[in-house]
Each structure stands twice: as structure tokens, then as C-alpha cells.
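Below: the structure, in C-alpha cells.
The values are calculated or read from the model by the stated rules, or taken from the named source; none is laboratory data. No experiment lies behind these values; they were computed from the predicted model shown. Heads up, the Cβs are rebuilt from the backbone with ideal geometry, glycines too, and the neighbour counts pull from every protein chain shown.
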Amino acid sequence: MKNYLLIMTIAVLCSSCSLSKAVREKRNLLSGTWTLNDVSYENGSGNFKSVIFNDAEDICFEGSDWFFRDNNSTGRYTLAQSTYCNGGDRFIRWSVVDRPENYSSQLQFKLIDEKNKDISGLGYRLNITSLTSSAMVLKSNATIDGKVINIVYKFTKKS
């Protein structure tokens, strides 16, 4: 009887720590290399310019490559060097957050160094608006003059 209870307890603990089917599917779809083709803004009028992820201006992210490794939840994004942009790799630890019905899942990530150590303590969450094997749209919110603006990130998969 003791062994049965021990085995049941271990089974419950293991199942509670596993990822949901929906999260596993999204992680599998995310795995690989993506190109961020476009950064745009919704729910506002006029021209916008912003610093994204406390890193660089929005224009620096257009054309950037993003790599997601699903077996250890690490990856990177790479910005091209230019007059306006400090290029190079930014390493990340990422995950997919499953949310209750009526809410989209989220991609969350934080910056890490080459040894997978946390750099800033800051993390970011982006709503996964759509995700297929070849395209992805993520959104995040920003507040400008008291009004919520959506920043829209459109990706295509490279491999």
C-alpha cells in the first residue's frame, strides 16, 4: 500500500509539471529560425518610433533573425549593425505561457548572457496572435499619452 501511494504521488507530481498539449504544439512550431519582417502599430494615428525591449529602436528590429531552441528554451535574436543600430546577438531564455480561454497564449523571454545567466532581471511577454509553421504575429502593448497602442511584430520562418 505504501508503494502504491508513493507511485501515485510521484505520478501526480510529474503530470502537474508537464506542459499542456497546446504549449508543446506552440513550442514545436516556434522552434527554428524566424525573420522579423515588420514592426507596426495599431490603435493609434500618426508616426511612431519606440525603443523595443529596452534595446534598440523599432527600425533596428526589422529584418532581424530570431532563433528558438525548444529542447533547452534558449535562443537569440540578431540585429544588423547600422548607423542607428548596435548590431549583434542578444541571447534569450524563452517559454510559452498558456492562458485561460478567451486570452491568447504568450511568448515570454528574458535576456541572458552566453553562459545562460540572467542579465537584466527584466522579462517581456508578447501575445501570440497567430502561429503557423511559416508565419507568426506577436503583439505587445505600449501606452502613449494615456492611450494603449499595440506593437505588432510579423515574422516568417526561415527553417
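Observations on the structure shown:
- Residue in segment 82-95 that is of a type in the set (Phe, Trp, Tyr), closer than 24 Å to GLY63 by Cα, out of contact with any Gly (no Cβ under 9 Å at 6 or more places or on another chain) and modelled with pLDDT under 95 present: yes
- Condition met for ASN37 (loosely packed, with under 10 Cβ neighbours inside 10 Å and at pLDDT 80 or above): no
- Matching option when the condition is under 15 Å from PHE155 (Cα atoms), surrounded by 11 or more Cβ atoms within 10 Å (Cβ to Cβ) and either out of contact with any strand residue (DSSP E or B) (no Cβ under 9 Å at 6 or more places or on another chain) or modelled with pLDDT of 50 or more (or both), among SER20, SER31: SER31
Table: residues versus (1) of a type outside the set (Val, Ile, Thr); (2) part of a loop (DSSP other than H, G, I, E, B); (3) over 19 Å from VAL152 (Cα atoms).
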{"position": "ILE59", "(1), (2), (3)": "no, no, no"}
{"position": "ASN72", "(1), (2), (3)": "yes, yes, yes"}
{"position": "ARG90", "(1), (2), (3)": "yes, no, yes"}
{"position": "SER104", "(1), (2), (3)": "yes, yes, no"}
{"position": "LEU107", "(1), (2), (3)": "yes, no, no"}
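- Filtered by the rule that a residue be free of Cβ contacts under 8 Å to residues at least 12 places away in the same chain and β-branched (Val, Ile, Thr), segment 75-118 gives a lone residue, THR83.
- Enumeration of residues in segment 126-159 that are exposed (fewer than 13 other Cβ atoms within 10 Å of the Cβ) and of a type outside the set (S, T, N, Q): ASP145, GLY146, LYS147, VAL148, LYS158
- Residue in segment 145-152 that is under 18 Å from GLU42 (Cα atoms), free of Cβ contacts under 8 Å to residues at least 40 places away in the same chain, within 13 Å of the chain's Cα centre (by Cα) and part of a strand (DSSP E or B) present: no
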